[in-house]
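The values are calculated or read from the model by the stated rules, or taken from the named source; none is laboratory data. As the structure is a prediction and not an experimental result, all values here were calculated from the model. Methodologically, a virtual Cβ is constructed for each residue, glycine included, from the backbone with ideal geometry; neighbour enumeration extends over all protein chains shown. These accessible areas exclude ligands, DNA and RNA; they are computed on the full protein's heavy atoms, side chains included. Shrake-Rupley method; radii C 1.70, N 1.55, O 1.52, S 1.80 Å.
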Amino acid sequence: MTMAEAPDLTGPPAATPWDPALAAALAECGVRVEEETVLDDLLMDLGTGSH
């Protein structure tokens, strides 16, 4: 998903305690990331133990 494909942020960004800069970046860009759209990437990250 690129920023052009990301849906607009429609309220305050959710807290992101694992990456505090993430919420600020999403607010600055005015977009949101829905987990369902990046599920494959999230699962791949978990499978490689990169957390």
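What to note about this one:
Here is a yes/no grid of residues against (1) assigned to a loop (DSSP other than H, G, I, E, B); (2) acidic (Asp, Glu); (3) over 11 Å from the mean Cα position of the chain (by Cα):
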{"residue": "Pro17", "(1), (2), (3)": "yes, no, yes"}
{"residue": "Leu22", "(1), (2), (3)": "no, no, no"}
{"residue": "Ala25", "(1), (2), (3)": "no, no, no"}
{"residue": "Leu43", "(1), (2), (3)": "no, no, yes"}
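- Neighbours by Cβ (under 6 Å, 6+ apart or cross-chain): first from segment 30-48, within 22 Å of Gly11 (Cβ to Cβ); second of a type outside the set (Asp, Glu) and open to solvent by less than 90 Å² (accessible area, probe 1.4 Å): Gly30/Leu9; Val31/Ala6; Val31/Leu9; Arg32/Pro7; Arg32/Leu9
- Options Thr37, Thr10: the member that is open to solvent by 100 Å² or more (accessible area, probe 1.4 Å), β-branched (Val, Ile, Thr) and modelled with pLDDT under 90: Thr10
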